[in-house]
Amino acid sequence: MNHQIVPLKAGLYFVATPIGTARDITLRALDILASADILAAEDTRSLRRLMEIHGIPLNGRKIVAYHDHSGEGVRKKLLSQLNDGHSVAYASEAGTPLIADPGYHLAKSVAEAGHLVTSAPGPSAIVTALTLAGLPTDAFFFAGFLPNAKTARRNGLDAVKTVPGTLVFYESPKRLGDMLADAADVLGADREAVVSRELTKKFEEVRRGTLSSLAEYYAAHSVKGEIVVLIDRASGDENSEEDIETALKKALENMTVRDAADTVSKAFGVNKRKVYALALDLKGK
Ligand code: SAM
């Protein structure tokens, strides 16, 4: 038996669950699932199945379905159970709760009511994909799912064009080809990118290339499964002088020349001395 019954303080325990391979669960997650007074889940069947796999009995506990949009009702009930001193474990269908998954409104109201909110951390597709990609991880931006409609998707891509870090998107296999084609167009055909699919599962696949080569590949090959797309940040020379100047002017409205140059050179990944000289020039004008 891998789990133990442990005494749990009253509070909300967010429990991360595997994103594929069932054994990617932590021992502490198993303990919390075995010991919590109340079990709640985005998908009650997935949690029951996971507990069965790991031999954790329900012991008369029901699993309550909770979605942020299931509304006040269930949330209020869970809050009153916390008020009565109970421990509540909450799990997503897969991965870490709140990461492109429900839990935000629950965490907010439980914290506002002054109860303990804690977590048993574990798998998430974001971190797993970043680990395998071979793209810089010093800074990254998780952009979630892009909108389905073409114009909205292109606007979404445009909004993150100059983010100074690796971009991470969740994407459906049906839209992958279109998304990569739009990304090549909006962000630049030569940006390095990675498509990771079915992480931790039997058909795990990681494909690397430029946005245009990946767009071409996935236009010709339709795929199934779960997907994370990662895109490298813009290299300095892709930024136009005009974009840098606009950002500098804005920064100079409420920053010193030195701070504005520092912020803008970091944001665009360009030489600080050059930006400092431009900032001095702009300030002089
Ligand atoms: N909470 C989850 C997490 O922590 O990663 C994410 C839930 S979100 C509703 C589901 C999306 O996450 C999928 O459509 C896919 O983009 C990504 N994802 C989840 N599991 C994955 C896997 N095994 N391989 C690749 N992507 C995955």
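The values are calculated or read from the model by the stated rules, or taken from the named source; none is laboratory data. A quick note: this is a predicted structure, and the numbers were derived from the prediction, not measured. Virtual Cβ from ideal backbone geometry, glycine too; neighbours counted across all protein chains shown. Surface accessibility is based on the protein's heavy atoms, side chains included, excluding ligands, DNA and RNA. Shrake-Rupley method; radii C 1.70, N 1.55, O 1.52, S 1.80 Å.
Both radii come from the Cα set of the range 126-234: Rg as radius of gyration, Rh as Kirkwood radius; their ratio Rg/Rh reads 0.92. For the chain, the convex hull spanned by the alpha carbon atoms encloses 163 Å³ per residue. Both the radius of gyration and Dmax for the range 47-188 are 19.0, 56 Å, in that order, over alpha-carbon atoms.
When 108, 62, 266 are compared by accessible surface with a 1.4 Å probe, the order from highest to lowest is 62, 266, 108. Using DSSP to call loops (not H, G, I, E or B), can you name the trypsin sites (Lys or Arg not before Pro) in the range 1-31 whose Cβ has at most 11 other Cβ atoms within 10 angstrom? Taking the range 1-31 and a limit of 11 other Cβ atoms within 10 Å, the loop trypsin sites (Lys or Arg not before Pro) found are 9, 23. Taking every DSSP beta bridge that has both ends in the chain, the antiparallel portion is near 45%.
For the range 237-284, the fraction of C-alpha pairs farther apart than 12 angstrom is 52 percent. Qualifying chymotrypsin sites (Phe, Trp or Tyr not before Pro) in the range 131-236, where qualification requires a DSSP coil assignment and no more than 16 other C-beta atoms within 10 Å, comprise 203.
What is the local net charge at residue 65, summed over the other residues whose Cβ is closer than 13 Å to its Cβ (Lys, Arg +1; Asp, Glu -1)?
Local charge sum for residue 65: +1.
Calculated mean residue ellipticity, 222 nm, the chain: -12500 deg cm²/dmol, from DSSP H runs (n ≥ 4) at -39500 (n - 2.57) each, averaged per residue and rounded to 500. For the chain, the per residue solvent-accessible surface stands at 52 Å², with DNA, RNA and ligands left out and a 1.4 Å probe. In the chain, the portion of solvent-accessible area held by carbon and sulfur atoms comes to 52 percent [1.4 Å probe, whole percent, DNA, RNA and ligands not counted]. The GluC sites (Glu not before Pro) of the range 167-274 meeting both criteria, a DSSP state outside H, G, I, E and B (loop) and at most 10 other C-beta atoms within 10 angstrom of the site's C-beta, are 253. Near residue 36, once Lys and Arg are set to +1 and Asp and Glu to -1 for all other residues with Cβ below 13 Å from its Cβ, the sum equals +2. A straight Cα-to-Cα reach below 14 Å connects residue 202 with the aspartates and glutamates 24, 226, residues fewer than 8 places away in its own chain not being considered. Largest first, the three principal axis extents of the alpha carbons in the range 198-238 are 40, 23, 12 Å in whole numbers.
Using 19 Å as the Cα-Cα cut-off, could you pick out the over-long pairs in 249/285; 174/224; 62/108; 150/201?
Correct reply: 62/108; 150/201.
From the Kirkwood radius over Cα pairs of the range 11-123, Stokes-Einstein at 20 °C and 1.002 mPa s returns a whole-number translational diffusion coefficient of 156 µm²/s.
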